[in-house]
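Report on the following structure.
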Amino acid sequence: MKRNFLTTGMPPILGGVVLFCLSMLMVSVAEADENLTSDTEIESGYARPETGSSETPGPELSNWHYGAYLDVGYALDSNNPENGLWRSKSTTFKLGEPKVNMAMGYVRKETSPQSRWGMAFGLQAGVDVDGLVPAPPPAANEPVADADLYRHFSDANLSYLVPLGNGLKVTGGLIKGYPAYESYHAIENPNYTRGYLTDFVPYFLVGAKAAYPVNDRLDLTFFAVTGYNYLANPNDQPSYGLQLVWEASSDITFTQNLYYGPDQKDTALEFWRFFSDSILEWKRGPFLLAASFDVGTETQADQVGTPQNNWMSGALWAGWQFGEPWSVALRPEFYWDPDGLLTGSIQFIQAYTATLKYEFSPFPFNTMQATLEYRFDNSTGSGGGFYEGPDNRLVPDQHLVLIAFMWSFGK
């Protein structure tokens, strides 16, 4: 039987989050000191804080953050397809005219030993949000009722810092997805467009997570969530995840993400999905090198012979910030979907991306980025290809030039 807690439970959950937020805000304003300090949300260089994040210490009110984010882009496609769509892509997938790819606003309260309760609430819209709603096949991708409404929430969760050891932070509700190097927000990434390996992992999850800093170099986070696609609803069973982040040195960070759970109507263990994402990053001064490798497998319960479907992807990033405002980044990548389970088509995709960014902060708490990007995509296989021309026929190659402007405000 399908669970329907999303359709019946989400409105009171979101209402409770908003009321909790307002209550804590009023208490904080009444009790906190008036002299507060804040940092800008997006730092220079290749430090990649979460959009709207801040690590400024201070009284209780400084745990509260609010802000907004805007991403406007234009993509020129050499194929000039009539439908204006970038095939096998869930972000920045509309071509040929200026588009608001993301508009987001949020309010967030961080946890601390002095104020252990936290929350996050945000709303979003744009092309990237349109791509969040899954579509069958497979049948497990059938979206829940009101998925078009729920996709507009970027955050809706409560958190609590448990006084256990180094501090166990428990968060429940709508949370950010974890198995990817790149962020959902383009301003935080070396390149403007996200890679295929990022577009086919969860950007958001519904459930709970428990994060624990084992020591200064090792962080562990455990997840119990409703499934791989948070806006689909194939069964009643939870899925599980693990994230390990190890700072091997001041320059090198290794991240291992794992996902394991049932994402079909048949929840027998033999049909559970397994996914692994491994990331290695090196950063020193203005230079960045990173690599990511993903592999997944799932046996199909609703197909004759219950075949095992597999997929694999990988990417490399190289970045250099020259001068204070300018940076350049390169990314070769591949995505192999031999059974068409993730992309919807049997194909092997390779892509090469070069990005030039100019970043500046004309006002306090504001960061702006202007981006010029070129990329070449190639898709082969029985279901491969990109749209071209007035009849949207499929061709193996695609050349794109993208211009984008991004603005982030946070305090």
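Distance cut-off 32 Å, Cα to Cα: go down the list K99/K209; K109/K283; K109/K265; K265/K411 and report the pairs above it.
K99/K209; K109/K265; K265/K411
Suppose the chain between L242 and A354 were pulled fully straight at 0.36 nm per residue; how much longer would it get relative to their current alpha carbon spacing?
37.1 nm
Which FRET efficiency, nearest 0.05, do L85 and N215 yield, Cβ-Cβ r, R0 60 Å?
E between L85 and N215, to the nearest 0.05, is 0.80.
What share of all Cα pairs of the stretch 335-411, in percent, falls into each consecutive 10 Å distance bin?
17, 30, 25, 19, 9, 0
Along the charge dipole of the chain, which of V206, V133, F287 sits closest to the positive end, that is, farthest toward it, with unit charges on the beta carbon of Lys, Arg, Asp and Glu (+1, +1, -1, -1)?
The listed residue farthest towards the positive side: V206.
Using the Karplus equation 6.51 cos²θ - 1.76 cosθ + 1.60 (θ = phi - 60°), what ³J(HN,Hα) coupling, rounded to whole Hz, does each residue of the stretch 397-411 give in order, writing x for Gly and Pro?
Going residue by residue, I get 10, 8, 10, 10, 10, 10, 10, 9, 10, 10, 9, 10, 10, x, 8 Hz, with x marking Gly and Pro.
Could you work out the percent of alpha carbon pairs in the stretch 198-277 separated by over 15 Å, rounded to a whole number?
When every Cα pair of the stretch 198-277 is considered, 59 percent fall beyond 15 Å.
Would you mind working out the magnitude of the charge dipole of the chain relative to its Cα centre, with +1 at each Lys and Arg C-beta and -1 at each Asp and Glu C-beta, to the nearest 20 Debye?
Taking the Cα centre of the chain as origin, the dipole is about 320 debye.
Sorting M104, M368 on the 10 Å Cβ count, fewest up front, what's the list?
Fewest to most other Cβ atoms nearby, the residues stand as M368, M104.
Computed from the coordinates I sent, semi-axes √(5λ) of the Cα gyration tensor in Å equals one of (1) 36, 29, 22; (2) 45, 21, 20; (3) 33, 27, 21. Tell me the label.
(3)
Identify, among M406, T92, G118, the residue whose Cα sits farthest towards the positive end of the charge dipole of the chain, taking +1 on the Cβ of Lys and Arg and -1 on the Cβ of Asp and Glu, with the dipole about the Cα centre.
Going by the charge dipole, the pick is G118.
What's the local net charge at L330, with K and R +1, D and E -1, over the other residues with C-beta under 13 Å away?
Within the 13 Å Cβ shell, the charges total +1.
Below 8 Å between Cα atoms, with a sequence gap of 6+, how large is the relative contact order for the stretch 322-390 in percent?
So the answer I get is 31 percent.
Measure out, as a whole number of angstrom, how far apart the alpha-carbon centroids of the stretch 300-338 and the stretch 342-392 sit.
Rounded to whole Å, the Cα centres lie 12 Å apart.
Starting with the highest mean, order 303-313, 187-197, 132-142 by the number of other Cβ atoms within 10 Å, averaged over the residues of each peptide.
Ranked by mean Cβ neighbours within 10 Å, highest first: 187-197, 132-142, 303-313.
Along Cα→Cβ, 7 Å out, is where each label goes; now give me the distance between the ones at R116 and Y374 in nm to one decimal.
So the label points at R116 and Y374 sit 5.7 nm apart.
Take the alpha carbon gyration tensor of the stretch 98-163, find the square roots of its eigenvalues, order them as a ≥ b ≥ c, and report rounded if a/c is under 1.5; if not, report prolate when a/b exceeds b/c, else oblate.
Oblate is the answer for the stretch 98-163, as a/c is 1.5 or above yet b/c matches or exceeds a/b.
Throughout, read-outs are computed from the coordinates displayed, never taken from laboratory work. This one's a predicted model, so the numbers in the text were calculated from it and none came from an experiment. Positions of Cβ are backbone-derived with ideal geometry, glycine not excepted, and every protein chain shown enters the neighbour counts.
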